[in-house]
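Read the structure below first, then the notes.
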Amino acid sequence: ETGVTQSPTHLIKTRGQQVTLRCSSQSGHNTVSWYQQALGQGPQFIFQYYREEENGRGNFPPRFSGLQFPNYSSELNVNALELDDSALYLCASSFSGEYQETQYFGPGTRLLVL
Amino acid sequence: AQTVTQSQPEMSVQEAETVTLSCTYDTSESDYYLFWYKQPPSRQMILVIRQEAYKQQNATENRFSVNFQKAAKSFSLKISDSQLGDAAMYFCAYSGRGSNYKLTFGKGTLLTVNP
């Protein structure tokens, strides 16, 4: 059974640029959630995708957007990067049926915005 | 909105001893889950233990156990026979049906294990 994978592991961008982060969900999972973890803080929920549609969103501006593909993998896109977007971005997958089961995390993508 | 509070920014324990990490939460939901995740320096968030709110019995996973006090909205983690590999940041997290099961995390407790 393959776990959650994310790419790239590290990324350096400059302010104003755009970035795309990728996540492959664990086998058998149909839901992907994205979290932003600033240094020294707990992760903050960005949004969740289920059946290729956004299924809940945290307090993040519209320049944070995402996609989920038919194979349940997902992308997180951030436009007009700001210095405060520097963080660890975590993807978590889970199975949603009658209720949502436990979320399992990938290793994260460390984004640095200069 | 749900909130999770971890009042201990740092804790330390001697190898082979027992340590308890504290967590309190606030919610008006009745259907929810609580978790402890561990994040070592490698940064991967690893599930330690999960508790369903409707279950009165405290969850256990080998050396890890919880003390779930629903009325007090308290959810502490006990680590027995601490090992050097237990050193990490520990996050308490809440997930509820009413919020599409998004995870709400506390700020974390950094656990140091001394040899």
Problem - Per-residue ³J(HN,Hα) for the range A:86-96, Karplus 6.51 cos²θ - 1.76 cosθ + 1.60, θ = phi - 60°, Hz, x for Gly and Pro - result: 4, 5, 8, 9, 10, 10, 9, 10, 7, 9, 10
Practice task
For a footprinting-style exposure proxy, rank A:H10, A:H29 by other Cβ within 10 Å, fewest first.
Solution key: A:H10, A:H29
Exercise for the section: Mind listing the long-range amide H neighbours of A:G66? Cut-off is under 5 Å, sequence gap 5 or more, other chains count too, H placed in the peptide plane at 1.01 Å from N. Expected result: A:N77
Exercise for the section: Take every DSSP beta bridge with both residues inside chain B and express the antiparallel ones as a percent of the total, to the nearest 5. Expected result: 90
Exercise for the section: Mark the label point 7 Å from the Cα of A:A80 along Cα→Cβ and return the residues of the range A:7-47 whose backbone N is within less than 20 Å of it. Expected result: A:13-21, A:46-47
Practice task
Please list, or write none, the aspartates and glutamates whose alpha carbon is within less than 17 Å of the alpha carbon of B:K73, excluding same-chain residues fewer than 8 places away.
Solution key: B:D26, B:E29, B:D31, B:E52
Problem - Residues whose placed amide H lies under 5 Å from that of B:K102, excluding near-sequence neighbours - result: B:G96
Problem - Kirkwood Rh (inverse of mean 1/r, distinct Cα pairs), chain B, angstrom - result: 14.2
Practice task
Note the per residue figure in Å³ for the convex hull of the C-alpha positions in the protein assembly as shown.
Solution key: 125
Exercise for the section: Return the FRET efficiency for the residue pair A:R15, A:L39: r is the Cβ-Cβ distance, R0 is 25 Å, and the value is rounded to the nearest 0.05. Expected result: 0.90
Handout entry: Distance in nm between pseudo-label sites at B:R43 and B:T20 (7 Å out along the Cβ direction from Cα)
Key = 3.5
Completion exercise
Contact order relative to length for chain B, counting C-alpha pairs under 8 Å separated by 6 or more residues, stands in percent at 37
Problem - Full-stretch length increase - B:S12, B:A72 - with 0.36 nm per residue and alpha-carbon distance subtracted - result: 19.1 nm
Exercise for the section: Report, for the protein assembly as shown, the % of DSSP beta bridges that are antiparallel, rounded to 5. Expected result: 90
Handout entry: Whole-Å semi-axes of chain A's equivalent ellipsoid (Cα gyration tensor)
Key = 23, 14, 13
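At a threshold of 8 angstrom on Cα-Cα distance, excluding pairs fewer than six apart, so keeping six or more, what relative contact order does the range B:7-74 reach in percent?
Values: 70 pairs, mean separation 16.4, N = 68.
Computed over the range B:7-74, the figure is 24 percent.
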Exercise for the section: Counting only DSSP beta bridges with both residues in chain A, tell me the antiparallel percent, nearest 5. Expected result: 90
Problem - ³J(HN,Hα), Karplus 6.51/-1.76/1.60, whole Hz, each residue of the range A:101-109, x for Gly, Pro - result: 8, 4, 8, 10, 9, x, x, x, 10
Handout entry: Proximal aspartates and glutamates to B:K78, defined as alpha-carbon separation beneath 16 angstrom and excluding residues fewer than eight positions away on the same chain
Key = B:E10, B:E15, B:E17, B:E61, B:D86
Handout entry: Whole-Hz couplings from phi, Karplus 6.51/-1.76/1.60, listed for the range B:100-111; x for Gly and Pro
Key = 6, 6, 5, 8, 10, 9, x, 7, x, 10, 8, 9
Handout entry: For the range B:1-24 versus the range A:68-114, the gap between their alpha-carbon centres in whole angstrom
Key = 26
Handout entry: Set of lysines with alpha-carbon distance to B:K70 below 16 Å, sequence-local pairs under 8 removed
Key = B:K55
Handout entry: Built amide H within the under 5 Å cut-off of B:E15, gap 5+
Key = B:N114
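Values in this text are rule-based calculations from the coordinates and carry no lab data. Note that the structure is a prediction, hence the values are computed from the model and not measured. Positions of Cβ are backbone-derived with ideal geometry, glycine not excepted, and every protein chain shown enters the neighbour counts.
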